[in-house]
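Here the structure comes first, spelled out in structure tokens, and everything after it is commentary.
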Amino acid sequence: MAAVLTLDDVRKAWDARDPRLITLIEQLCTQPPPTPEKPIRSGALTFDKFLSQLRDWRYRQKTREEQAHYRVETLKALEDPGAEVPLADKLKVHEVIFALWESNDALARDYLLRIIAKVPLVYGPWKAIKRIFKESEARNDTEIYGAIAARLDMAHAGGSYNKQVSGATIAYCARRAWRYLRRVGLHLPATYPDVASEFLVNYTDNVRLTGTWVFNHILFHDSKKYGRSNFRFGWNDKTADPTNLKNRAYGELWKRSHRPLFSLLERAKSDAVRDYATTALKTDFRQVLRDTEPAWVVRLVAVPSRAIHDFVVWLLQNVPKFEQSAFRSLGLHEAVLKLFDSPSADARKYAANYARTHARDLPVSELIRLANNDNEDVRKLARDLLGEKDPRTGVGLDAWGQLLETSHGHKFAADAITKHFGAKELTPEWFQGRMLSDSDEAFGFATKLLPKIHNLKELGAAFFVTLLQKVEPNDSNKSERVVDYAAGELAKHYELDALDRELLKWLALFPPTANHVTNWVNQGKIKKAQTLGMDFLKMIAFQPDWDASSWLAEFRVKNGAWGKELSFDESRAATVLRWFQDVRKFTTTELGFDWLMRLVARSEPMYHDFASDRLIRTFLPADFASRDEQPASTTIAAAPATGGKVDLGKATFSFTGKLANITPADAEAQVKAANGVPTANVSPKLHYLVVGDSGSPFLGQGAKGAKHVKAEELNSKGANISIISETMFLQMLSGQQVTATADATTRGCERLWQLVIAPGPADAPVGRFAREYVRRHHSDIAQKLTDKPVDPGAEIPQSFLTLERVFPLFSESRKPLREFALELASWEFARWNPGVDYLVSMADIPFMDVRRFVAKSLLAEDTPPNRPFRLDPAKLEASAVYRFCESNDEETRALGMELIKRLPKLRVPDELFRLSESPDRKVRAFVIRALWTVYRDRGLTPDWKPPLPPKPTVGAKAKKDAEKAAANRGEGVPHRPEKWPAEKPTLSEFLRRILFEIPPGRPEKSRDAVEDTDSTDPNAPKPDKVVSVKPLPARRAKLDLVEVMRDLGLEDKEFGSGILPLLDEFMTSRGPSERAACLVAVTRIRHKYPELKKEDA
């Protein structure tokens, strides 16, 4: 953070007479005010608030006297040492400026004049400038007064003042300055030209002078083209030409002496003022100019002004004693030659004409410089004088080379070099110098001439490599031009794989050439990226390796500034990782299992996704076996034949889909070269169908092609066609495909499983990869995900994925692991066929997704999609099902009730009645309905089935339909249990409790029931329940219970006599349906047992 400049710093600079004083004052005036140490009170008076008040409409409605009084008093309050909000130092800078005015020594006046010219017109400095303006007028200090007046006049013309000083104030000061000059012209006419010159010398060319007031009055007052505040000149008005002397104010006074004009000529800052001075001199003092001294001309030449140099040429042409032949003796020769670089085109032409006669001995270095001059006359002179010299000895190759690099002299030099020099002089180093120059023309000439002078093959790659090593990476334009050329020539004429490895590494890291090396690999110019070295490629692909590389640290030291600034390039890393994905170019051994696992462990998608994809596609489960264990024995699937080539043994191959890494024509050619047979047809005799990886259903994209579908159909009929991925095909071609022993596969799977269940965050990259690997190598899940079977030998064995291994994951608090276990179970549950204890344990796990899966597995229909996870509920024991009903989880209780409802054999009366003690109203209502279903009198013979309507039974279809209809008749009317669900007194008490007691409230939701949904997202969908029980209204439950007890009472007189008082008592219920049910029950019982009626009576 830059230090804040203070007023004390400025004062110290003046006390030390520091030449930086002007810069410090300008910086202080423009820097933002510092942040106050304490917050400013909202109603406190501040300078900004004062300025806003001046712009307020209420202020403008005041009289001038009131406005002035407000300004004065408010500024006094702001400047008071005890002000609540002190003024910023930038608003007090007038103190230093005014001190310079009062000091009045030569240095102080010099500083003051420079400050007046540069300082911004804002409140701080303006306070001093306004006061000095008035005092200098009173003292007749025309030097200071003229400087301030010119500054304000230019501000008036260009509007280049801050809004803190009003335009009206600036205009007033300009008008006041002209009034002062006018008084001088009237009352002190002899001094008017000198005083006016003090004004004119301060005007600059970067202001629209036609908008000034004082300047235009001095030069164009008699034109009368002015109003109250400005001059009115038309477009291209000749009146406003400074060389037009007839309209100047007090023109006769300027003719009295040439001295003010001479002074003005040397001190003026504007060519417009100089034009006026030179014109006035040539018009009014021509005789005086005839006696001009050479020394004055030399001084004038040193002024870089177009107007003055035009005047110098006029003097040289019109002063009698200034004969060109005498310029050397007069001391004008060197001065005239300096006009070669004049801002004036006429002056340059004059110098060229003079030199053509009197300076033909100009040195070669000067001629080379002049040959690139902007003026054609000067350039022609240089070319003519160079042409008179011997190109080889008089000028020399170095000089021609310098001229070659210029914009104007390039063609002249190129012709001379081509004509007069050959291979002996035009060495490779000379060409490199031209190619590395700043000139595009020299570079283009050298690149075209090089192959004509030197044989590129003989020149060798070292020439272009050396050229690249001389490039400065900071000069982007030049480096890009040279690098593109040199890199293109290297790739065009030389074998890049033969270059030294360290050199290739340098080119790959050198910023200007790095992209070219990448393109060489992509385009196959570098045939094997391994030429750069696998450790190097891994380093630029993986940032931790980059940061830890000792080789890179040494490389940075050796290569100076650009080497130290090298940083890891993610786009380049992504490119290298794409190379690594190609199994043809990089084997699994080259990449290394351990290195890929390091990338898998990273959270960055660029690393993790690449390594996961490569491991999933090209590594077998056996490859995950610990490196410390005995390595698995492997065999090459496509054994190399003699000569080291892969032998496919006449196996037939067909291709479908879009190949990602090889064209179909190249694939067929490589099959033929490896002793295979490519074919376009799919038949039972086909060995391999290769599906392209681009848009492949193997990768979860696209849809199966006709060949793919046909191959699957043939396999279902007994064919043995291996449907393989493009990746596996490329591995076969490169001899990389391996098979592993069962022991190695088991050990690899064990390690994979440890990665799956490893402790740590739920989204740990390694665990995420391991789960995905198991999915993609599970024979069923992979088929679902990629729509293809797992490559042979890459499957996770079914024997490994046992219930005992997966079961602990159902209780995992990490949701991804639990979901993974459920995904496995959705394909393996039926095969596992878990026992009752497992099911009950899973139903008690405090995660809703697990409990719902248990319900789904028991309630799913027997359809092909459900068979991998469906369990036959008919095989369950009643005790297990009733344990579901006693669960703390509502959905688990619903599962138990649904199973009892679906399977009549599970309706065990005593078990049902035991559930009547449940605190869950739904369970109690279910018990009543179940007892009603079991014990109610249906009025039908047990085992009765409805008769089938007559249908034809002739023909196979008719017989099949008849069998299906017979099966759909069911098992007939169920038998009523011989045993009551409970003892009679217990049933009677149950009836009383249901009829008269207030049912208990709903049980509290289990605290263990975890619902894995995003509680922060109100729009997150809630998972559907697998099974739910519709609540049975209390009225309906009472009616069903009355009906059950009625039927039991009709069968047993003793039980009927026991429940009659309860039914009689409940007949007082307010519910009409309940009173009616009790009336029917009492009537039927007493009708069957009249003695009960009599006893009752």
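The values are calculated or read from the model by the stated rules, or taken from the named source; none is laboratory data. Keep in mind the model is a prediction, meaning the values are calculated, not measured. In this analysis, Cβ positions are derived from the backbone assuming ideal geometry, glycine residues included, and neighbour counts consider all displayed protein chains.
So which residues in the range 433-486 are within 35 Å of the chain's Cα centre (by Cα) and either small (Gly, Ala, Ser) or farther than 23 Å from ALA561 by Cβ (or both), if there are any at all?
Listed by number, the residues that qualify are SER476, SER479, TYR485, ALA486.
For (1) assigned by TED's automatic domain parsing to the domain that holds LEU899; (2) basic (Lys, Arg); (3) more than 45 Å from the chain's Cα centre (by Cα), each residue gets a yes or a no:
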{"site": "ALA825", "(1), (2), (3)": "no, no, no"}
{"site": "ARG831", "(1), (2), (3)": "no, yes, yes"}
{"site": "ALA843", "(1), (2), (3)": "no, no, yes"}
{"site": "PHE847", "(1), (2), (3)": "no, no, no"}
{"site": "ARG852", "(1), (2), (3)": "no, yes, no"}
{"site": "ASP872", "(1), (2), (3)": "no, no, yes"}
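Can you pull out the residues in the range 69-114 that are part of a loop (DSSP other than H, G, I, E, B), surrounded by fewer than 16 Cβ atoms within 10 Å (Cβ to Cβ) and among the small types (Gly, Ala, Ser)?
GLY82, ALA83 - these are the residues of the range 69-114 that are part of a loop (DSSP other than H, G, I, E, B), surrounded by fewer than 16 Cβ atoms within 10 Å (Cβ to Cβ) and among the small types (Gly, Ala, Ser).
Have a look at LEU87, LEU107, LEU5, LEU54 and point out the one that is touching a residue at least 24 places away in the same chain (Cβ under 8 Å) and closer than 26 Å to SER166 by Cα. Break it down stepwise before answering.
Numbers: LEU107 fails: closer than 26 Å to SER166 by Cα; LEU5 fails: closer than 26 Å to SER166 by Cα; LEU54 fails: touching a residue at least 24 places away in the same chain (Cβ under 8 Å).
Step by step, each of LEU87, LEU107, LEU5, LEU54 is checked, and only LEU87 is touching a residue at least 24 places away in the same chain (Cβ under 8 Å) and closer than 26 Å to SER166 by Cα.
Output the residues belonging to the range 778-804 that are in a helix (DSSP H, G or I) and either assigned by TED's automatic domain parsing to the domain that holds SER725 or more than 37 Å from the chain's Cα centre (by Cα) (or both). Give the steps one after another, and end with the answer.
First, pick out the residues of the range 778-804 that are in a helix (DSSP H, G or I): 779-786, 803-804.
Residues satisfying the conditions are SER779, ASP780, LEU803, GLU804.
Can you tell me which residue is farthest from the chain's Cα centre (by Cα) among those in the range 214-273 that are of a type in the set (Gly, Ala, Ser) and surrounded by fewer than 16 Cβ atoms within 10 Å (Cβ to Cβ)? Walk me through it before giving the result.
Of the residues in the range 214-273, the ones of a type in the set (Gly, Ala, Ser) are 223, 227, 229, 234, 240, 249, 251, 257, 263, 268, 270, 272.
Now drop any that are not surrounded by fewer than 16 Cβ atoms within 10 Å (Cβ to Cβ), which leaves 227, 229, 234, 251, 257.
Working: GLY227: 61, SER229: 57, GLY234: 56, GLY251: 71, SER257: 73 Å.
It comes out as SER257.
Just wondering, is there one or more residues in the range 779-790 that are among the aliphatic types (A, V, I, L, M) and buried (at least 20 other Cβ atoms within 10 Å of the Cβ)? Explain how you work it out, then say what you get.
Going through the range 779-790, the residues among the aliphatic types (A, V, I, L, M) turn out to be 781-782, 785, 790.
Now restrict to residues that are buried (at least 20 other Cβ atoms within 10 Å of the Cβ): 782.
Looking for residues that are among the aliphatic types (A, V, I, L, M) and buried (at least 20 other Cβ atoms within 10 Å of the Cβ), one finds at least one in the range 779-790, hence yes.
Cβ-Cβ under 6 Å, sequence separation 6+ or interchain: first residue in the range 742-753 and in contact (Cβ under 8 Å) with a residue 12 or more places away in the chain and over 16 Å from HIS778 (Cα atoms), partner among the small types (Gly, Ala, Ser) and buried (at least 22 other Cβ atoms within 10 Å of the Cβ). Which pairs?
Listed by first residue and then by second, the contacts come to ALA744/ALA622; ALA744/ALA625; ARG747/ALA625.
Against the conditions (1) surrounded by fewer than 20 Cβ atoms within 10 Å (Cβ to Cβ); (2) under 60 Å from the mean Cα position of the chain (by Cα); (3) not aromatic (Phe, Trp, Tyr), where does ALA352 fall short? Just the number, please.
Unmet condition: (1).
Residue-by-condition table, conditions (1) under 20 Å from MET606 (Cα atoms); (2) assigned by TED's automatic domain parsing to the domain that holds MET728; (3) part of a helix (DSSP H, G or I); (4) touching a residue at least 24 places away in the same chain (Cβ under 8 Å):
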position	(1), (2), (3), (4)
GLY524	no, no, no, no
LYS527	no, no, no, yes
THR531	no, no, yes, yes
ASP535	yes, no, yes, no
MET539	yes, no, yes, no
ALA573	yes, no, yes, yes
ARG584	no, no, no, yes
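Matching residues to (1) assigned by TED's automatic domain parsing to the domain that holds ASP1040; (2) within 16 Å of LEU1039 (Cα to Cα); (3) at pLDDT below 80:
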| site | (1), (2), (3) |
| --- | --- |
| ILE1059 | yes, yes, yes |
| ARG1075 | yes, yes, no |
| CYS1078 | yes, yes, no |
| LYS1094 | yes, no, yes |
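For ARG392, which of the numbered conditions (1) among the basic types (Lys, Arg); (2) buried (at least 19 other Cβ atoms within 10 Å of the Cβ); (3) farther than 30 Å from TRP296 by Cβ fails to hold?
In the conditions (1) among the basic types (Lys, Arg); (2) buried (at least 19 other Cβ atoms within 10 Å of the Cβ); (3) farther than 30 Å from TRP296 by Cβ, ARG392 misses (2) alone.
Out of ALA196, ALA128, which single residue is crowded, with 17+ Cβ neighbours inside 10 Å, under 56 Å from the mean Cα position of the chain (by Cα), on the phi < 0 side of the Ramachandran plot and small (Gly, Ala, Ser)?
Working: ALA196 fails: under 56 Å from the mean Cα position of the chain (by Cα).
The conditions single out ALA128.
Would a scan of the range 367-380 turn up a residue that is hydrophobic (A, V, I, L, M, F, W, C) and more than 59 Å from the chain's Cα centre (by Cα)?
First, the residues of the range 367-380 that are hydrophobic (A, V, I, L, M, F, W, C): 367-368, 370-371, 378.
Now narrow it down to the ones that are more than 59 Å from the chain's Cα centre (by Cα): none.
Checked the range 367-380: no residue is hydrophobic (A, V, I, L, M, F, W, C) and more than 59 Å from the chain's Cα centre (by Cα).
Take the residues in the range 21-47 that are free of Cβ contacts under 8 Å to residues at least 24 places away in the same chain and exposed (fewer than 12 other Cβ atoms within 10 Å of the Cβ); name whichever of them is nearest to ILE129 (Cα to Cα).
The initial filter retains those residues of the range 21-47 that are free of Cβ contacts under 8 Å to residues at least 24 places away in the same chain, namely 23-24, 27, 32, 35, 37-39, 42-43.
Then keep just the ones that are exposed (fewer than 12 other Cβ atoms within 10 Å of the Cβ); that gives 32, 35, 37-39, 42-43.
Values: PRO32: 21, THR35: 28, GLU37: 31, LYS38: 33, PRO39: 33, SER42: 33, GLY43: 32 Å.
The extreme case among them is PRO32.
Table: residues versus (1) at pLDDT 70 or above; (2) in contact with a Ser or Thr (Cβ under 7 Å, 6 or more places away or on another chain).
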{"residue": "ALA665", "(1), (2)": "yes, no"}
{"residue": "ALA673", "(1), (2)": "yes, no"}
{"residue": "ALA680", "(1), (2)": "yes, yes"}
{"residue": "TYR688", "(1), (2)": "yes, yes"}
{"residue": "ASP693", "(1), (2)": "yes, yes"}
{"residue": "PRO697", "(1), (2)": "no, yes"}
{"residue": "GLY700", "(1), (2)": "no, yes"}
{"residue": "LYS707", "(1), (2)": "yes, yes"}
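State whether one or more residues within the range 487-505 are part of a helix (DSSP H, G or I), charged (D, E, K, R), modelled with pLDDT under 90 and surrounded by 13 or more Cβ atoms within 10 Å (Cβ to Cβ). First the steps, then the outcome.
The initial filter retains those residues of the range 487-505 that are part of a helix (DSSP H, G or I), namely 487-493, 496-498, 501-505.
Still in the list and also charged (D, E, K, R): 489, 492, 497, 501-502, 505.
Add one more test, that the residue is modelled with pLDDT under 90, and what stays is none.
The answer is no; no qualifying residue exists.
Would you please list the contacts, defined by Cβ atoms under 6 Å and residues six or more apart or on different chains, that run from a residue in the range 409-437 that is over 24 Å from LEU367 (Cβ atoms) to a residue that is of a type in the set (Phe, Trp, Tyr)?
Between residues of the range 409-437 that are over 24 Å from LEU367 (Cβ atoms) and residues that are of a type in the set (Phe, Trp, Tyr), the close pairs are PRO428/PHE463; MET435/PHE443.
Report yes if some residue within the range 37-50 is assigned to a loop (DSSP other than H, G, I, E, B), out of contact with any Asp or Glu (no Cβ under 9 Å at 6 or more places or on another chain), under 17 Å from TYR123 (Cα atoms) and of a type in the set (A, V, I, L, M); otherwise report no.
no
Is it the case, given these coordinates, that LYS645 is more than 20 Å from LYS707 (Cα to Cα), assigned by TED's automatic domain parsing to the domain that holds PHE729 and modelled with pLDDT of 85 or more? If you could, list the steps in order and put the result at the bottom.
Values: more than 20 Å from LYS707 (Cα to Cα): yes; assigned by TED's automatic domain parsing to the domain that holds PHE729: yes; modelled with pLDDT of 85 or more: no.
Answer is no for this residue.
Tally time: how many residues in the range 805-822 are in a helix (DSSP H, G or I) and surrounded by fewer than 18 Cβ atoms within 10 Å (Cβ to Cβ)?
First pass over the range 805-822, keeping only residues in a helix (DSSP H, G or I): 805-811, 815-822.
From what is left, the residues that are surrounded by fewer than 18 Cβ atoms within 10 Å (Cβ to Cβ) are 805, 807-808, 811, 815-816, 819.
The number of residues fulfilling the criteria is 7.
Restricting the search to the range 314-339, which residues are among the aliphatic types (A, V, I, L, M), part of a helix (DSSP H, G or I) and either farther than 17 Å from LEU362 by Cα or in contact with a Ser or Thr (Cβ under 8 Å, 6 or more places away or on another chain) (or both)?
Initially, the range 314-339 is screened for residues among the aliphatic types (A, V, I, L, M), giving 315-316, 319, 326, 330, 332, 335-337, 339.
Next, only the ones that are part of a helix (DSSP H, G or I) stay: 315-316, 326, 330, 335-337, 339.
Answer for the range 314-339, where residues must be among the aliphatic types (A, V, I, L, M), part of a helix (DSSP H, G or I) and either farther than 17 Å from LEU362 by Cα or in contact with a Ser or Thr (Cβ under 8 Å, 6 or more places away or on another chain) (or both): LEU315, LEU316, ALA326, LEU330.
Residues ALA878, ALA843: which one is in contact (Cβ under 8 Å) with a residue 12 or more places away in the chain and touching a Phe, Trp or Tyr at 6+ places or on another chain (Cβ under 8 Å)? Give the steps one after another, and end with the answer.
Details: ALA878 fails: touching a Phe, Trp or Tyr at 6+ places or on another chain (Cβ under 8 Å).
Residue meeting the stated conditions: ALA843.
Scan the range 780-819 residue by residue and report those that are among the small types (Gly, Ala, Ser) and at pLDDT below 90. Outline the logic, then answer.
So in the range 780-819, the residues among the small types (Gly, Ala, Ser) come out as 782, 793-794, 799, 811, 813.
Passing the criteria: ALA782, GLY793, ALA794.
Could you go through the range 734-753 and let me know if any residue there is modelled with pLDDT under 85, of a type in the set (Ser, Thr, Tyr) and under 42 Å from the mean Cα position of the chain (by Cα).
yes
Please count how many residues of the range 205-242 are part of a loop (DSSP other than H, G, I, E, B), touching a residue at least 24 places away in the same chain (Cβ under 8 Å) and not charged (D, E, K, R).
5
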